[in-house]
Amino acid sequence: MSRALAVFTACFVVLGTARTYADSIDQNVRELSVNGKSYKVRLAAALALSKSKDARAVLAVADALDQDEDATVRRVAAIALEKMIDSETPKDALGLSITALEKAAKTDGDSKVRETAKRALRAVERFKKKGEPAVATKTTTDRGSAVFVNVDKALDQSKKAPVDGPDRVTKVVKRQVESIGYSTNWPGGLPTSAELDTAKTRGYIVASTVKKVDITRSGHQTQVACTVAIRVSPWAGKDGGEKWEANKVASASGSAKAMTGNTEREVQGGVRDCLEAVSEDVTSRQVVPFLKHLTAM
């Protein structure tokens, strides 16, 4: 996972609360994220961040464990994660941290880093369940019927998203829907209304749209902003179309902003990260609850 993603995700976590000012955590995150700086500066930043349980700090330290060129910094990062992670660590930060620890424990080129990562991993794995989606593929409604959700391919209304942006949005939405046990795949392609009836399955459609992407360059940084909208409705199969019943349709949207570098690669990466983060938040907080509401009707 790139540095841009780790830093962006941290910005997204605190969006709307601490985005308007740069505190000591922001400063240490920046100092830790640049390999070109003296390793002593990065080491000091890692040690400072280890005293915090803030999601920004956890994400930055996990990224340092995965990416920093200096073994001492990576080892300190592994030690820090063991202290920083607890039952309140946000899911994204927890998932990234465990992934970084697992990778370091197996593949880091320094034996001390590997051993430290193994110890830290054993200590934090008890929290892993919190960050894992529920695995279930045969969830049924209260009426006893199965559920199939047609996650339609996302559209780019903004015309500014990266070529793979809509596909990334679609994958995020699918992952969130599948996490509650609803099926998003049907053998042979999308089912017909008759096939849904025969399988005693209720169908729904989730359609996503990239509504807005704004890119504003200022000095050595670029601000990326994005908005994603998602609609949910009952669905009667590929030959039955969508049923936009007023009391059974919902439209949810979300926005985020993040700072990134000025290169085209960094900007495009920032847009991708923005779209994925907003899609995950909107789906988990609004779309999934509404789907559960629909299946209970």
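The values are calculated or read from the model by the stated rules, or taken from the named source; none is laboratory data. These figures come from a predicted structure and were not determined experimentally. Here the Cβ is made from the backbone with ideal geometry for all residues, glycine too, and neighbour counts use every protein chain on show.
Here are the numbers for this structure:
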read-out	value
Residue ranges of helices (runs of 4 or more DSSP H) in region 49-118 with at least 3 members surrounded by fewer than 19 Cβ atoms within 10 Å (Cβ to Cβ) and either assigned by TED's automatic domain parsing to the domain that holds residue 30 or of a type in the set (Phe, Trp, Tyr) (or both)	71-84, 91-107
Test: residue in region 99-118 that is small (Gly, Ala, Ser) and under 29 Å from residue 284 (Cα atoms)	yes
Leading residue by the ranking (nearest to residue 55 (Cα to Cα)) among those in region 67-111 that are among the β-branched types (Val, Ile, Thr) and under 15 Å from the mean Cα position of the chain (by Cα)	89
Tally, over region 142-192, of residues that are part of a helix (DSSP H, G or I), out of contact with any helix residue (DSSP H, G or I) (no Cβ under 8 Å at 6 or more places or on another chain) and closer than 18 Å to residue 294 by Cα	2
Single residue of region 151-197 satisfying the filter (farther than 17 Å from residue 286 by Cα and among the polar types (S, T, N, Q)) that is surrounded by the fewest Cβ atoms within 10 Å (Cβ to Cβ)	185
